[in-house]
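Below is one structure, written out as structure tokens; the observations come after it.
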Amino acid sequence: MKRLFALLALLALTGARDPILVPEISQHKVEVQQGFRGADLLLFGAILTPEGTRAGQDYDIVVVLKGPTRSIVLREKQRIAGIWVNADNTEFRSAPTFFAVASSRPIRQIVDDKTAAIYELGLPWLQLSPIGSFDPTDQARFSAGLVDLMRRGGLYFENNHGVTVNEQVLYQARIALPSNVQTGTYTAETFAITKGRVVASAISRVEVQKQGFDRLIELFAQNNGFLYGLVAVAISVAMGFLAGRLFALV
């Protein structure tokens, strides 16, 4: 907090033309261990006007927390003769494993759809990058299906009143990471918006890492993939053999 106010004082003296965001985050490293139940991140900071005075009422704040991206294959189920089977499918090249948006007001009251799409300020404007050529209707259906699936898993969500502004200068937002989050680098991007225009932005990062025995297994799998596969097969065979022996004794 002392660092935050020191930066505010320096920016006020420099008289910068554009508003300046000074973001911070409660923890830059989240450790995932056995029994991990999630984490609560506090994203806070301040915005300074070009004149070096306090701001808040004239600016809306939007915070976007995005997890590492990965390719995802989404399959559509259809019921044929009373049986659910796989039908159409599509692959998304770079879908974020986590996506959360907190804003001081509903996004549609802050910016137009074009601006929201440029900065991905909400789930309706999330760019999922499907692979291949698809009919726009089919693409929209699959994109909506993926968003709904991730939302029900607690990995995608929005809070239209998740940012509070205090004393016309300080803002804060709380975003919860569920227990099923993927490890990797998470980016928290904060936007200051006025009159439908993004006038300032800043990025903070959070590292979500496994710790303890889980971390050792993860590193072993990454550095010794072939040996890890052999060990996994050996364990599976051993477990199957032991299970067979136990059932034979019953």
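The values are calculated or read from the model by the stated rules, or taken from the named source; none is laboratory data. Computed from a prediction, not measured in an experiment: that's the story for all the values here. For neighbour counting, all protein chains shown are included, and Cβ atoms are generated from backbone atoms with ideal geometry for every residue, glycine included. For the accessible areas, the whole protein counts, side chains as well, though only heavy atoms, and no ligand, DNA or RNA atoms are used. Shrake-Rupley method; radii C 1.70, N 1.55, O 1.52, S 1.80 Å.
Restricting attention to the range 85-106, which residues are more than 25 Å from L74 (Cβ to Cβ) and not in a loop (DSSP other than H, G, I, E, B)?
A102, S103
Report yes if E158 is at pLDDT 90 or above, assigned by TED's automatic domain parsing to the domain that holds R37, in a strand (DSSP E or B) and open to solvent by 60 Å² or more (accessible area, probe 1.4 Å), otherwise no.
The answer is yes for E158.
Just wondering, is there one or more residues in the range 121-136 that are within 22 Å of E24 (Cα to Cα) and surrounded by 16 or more Cβ atoms within 10 Å (Cβ to Cβ)?
There is at least one residue in the range 121-136 that is within 22 Å of E24 (Cα to Cα) and surrounded by 16 or more Cβ atoms within 10 Å (Cβ to Cβ).
What single numbered condition from (1) at pLDDT below 85; (2) in contact with a strand residue (DSSP E or B) (Cβ under 8 Å, 6 or more places away or on another chain) fails to hold for Y228?
Tallying (1) at pLDDT below 85; (2) in contact with a strand residue (DSSP E or B) (Cβ under 8 Å, 6 or more places away or on another chain), Y228 fails exactly one: (2).
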